[in-house]
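Nothing in this text is a laboratory measurement; each read-out follows from the coordinates by a stated rule. Every value quoted in this text rests on a predicted model; they were computed, and no experiment measured them. Using ideal geometry, Cβ is built from the backbone for each residue, glycine included, and neighbour counts are taken over all protein chains shown.
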Amino acid sequence: MRSDVTYLESFLDHISSFPAELRRNLDLMKDQDKTCTELFEEMTKLQKEYIERAEWKMEKLEIVDGNSIRVLGTDDDGPTVLPTTEELVDYIYEHDTLKRIETIEKDALQRTAEKVAVAEQSHALVDNVCKRLESDLIQIEKTLQANGGFQAPGMAKVNDLAAVQVTPGSPDWILAKVVTHDPTTGMYRLSDEDTESNKIFDLPQSQVVILGGLRNLSKGETVFAIYPDTTSFYQATIAQVPRKSTGGGSFVMVNFVDDSDENGITHDKAVLLKHIMLPPY
């Protein structure tokens, strides 16, 4: 991919013809379905009528003297006719009708095979786009990690700090600490970091963001940060890039949203880098 082309531009170019191709295939399958249904109905009708006529012809036969069969309408005093199996088949056989049924069946089977082929082609189109998207996402993640703009979940360890969303869909995120993590189910058990709370949360991975790993935050970038003297996350903007503190950790100066004083001035506040996460949505 050229350096001046973004992943999004490249991906959009790759799928530019995809909607039209997929729509064309879906329309073709729909038409094939309609035609197959009509052929099946015609074939079923012809088969039913053929069987009804065969039954009617068989009913025109009568048993004479308990074991002989002759065609009704012949002279009762005439000789008894005992037809062979071949003669009975010829008696009810309709060449043109059976030929038509056979032709319809072949046509329907061919159209069904074509529909399956189109469906497989459509699946391949979608699969190709999904694989391309997955590949691009992996590359984007690597790029963001290299630039420090991606907060990778990584493998959670006991006592790792995390931002948790206690209620699904809620805008509220609070600080917690990992107690246990089940990689198989993705479930976390976490303890509330509020010193006045003894709450324990059992939450799915979708409601947990493991903190740490952020680097190279830019001035003006939107983040979520722990408001001083609380354990709650609020939206903020980076005012100064991360700096090392005398204690060895790193801190960031941020401006919290809706945090202006009585004079309408929003003051920078220092937040530990480990208490910051990228927007969770």
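Structure data summary
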item: Stretchable slack from Thr185 to Arg23, in nm (0.36 nm times residue separation minus alpha-carbon distance); result: 54.6 nm
item: Contour minus Cα-Cα distance for Glu114 and Leu88 (0.36 nm per residue); result: 5.4 nm
item: Derived scalar couplings ³J(HN,Hα) [segment 211-227; Karplus, 6.51 cos²θ - 1.76 cosθ + 1.60; whole Hz; x for Gly, Pro]; result: 7, x, x, 6, 9, 6, 5, 9, 4, x, 6, 7, 9, 10, 9, 6, 6
item: Segment 92-109 residues near the modelled Lys48 label - backbone nitrogen below 19 Å, point 7 Å along Cα→Cβ; result: 97-98, 100-102, 104-105
item: Residue-by-residue Karplus 3J(HN,Hα) for segment 156-161, coefficients 6.51, -1.76, 1.60, Hz, glycine and proline x; result: 5, 10, 4, 6, 5, 7
item: Inter-centroid distance (Cα atoms) of segment 207-281 relative to segment 20-45, Å; result: 59
item: FRET efficiency, 1/(1 + (r/R0)^6) with R0 41 Å, evaluated for Lys34 and Met58 via beta carbons; result: 0.65
item: Greater than 32 Å apart at Cα, pairs in Lys142/Lys244; Lys131/Lys199; Lys115/Lys142; Lys177/Lys219; Lys142/Lys219; Lys157/Lys269; result: Lys131/Lys199; Lys115/Lys142
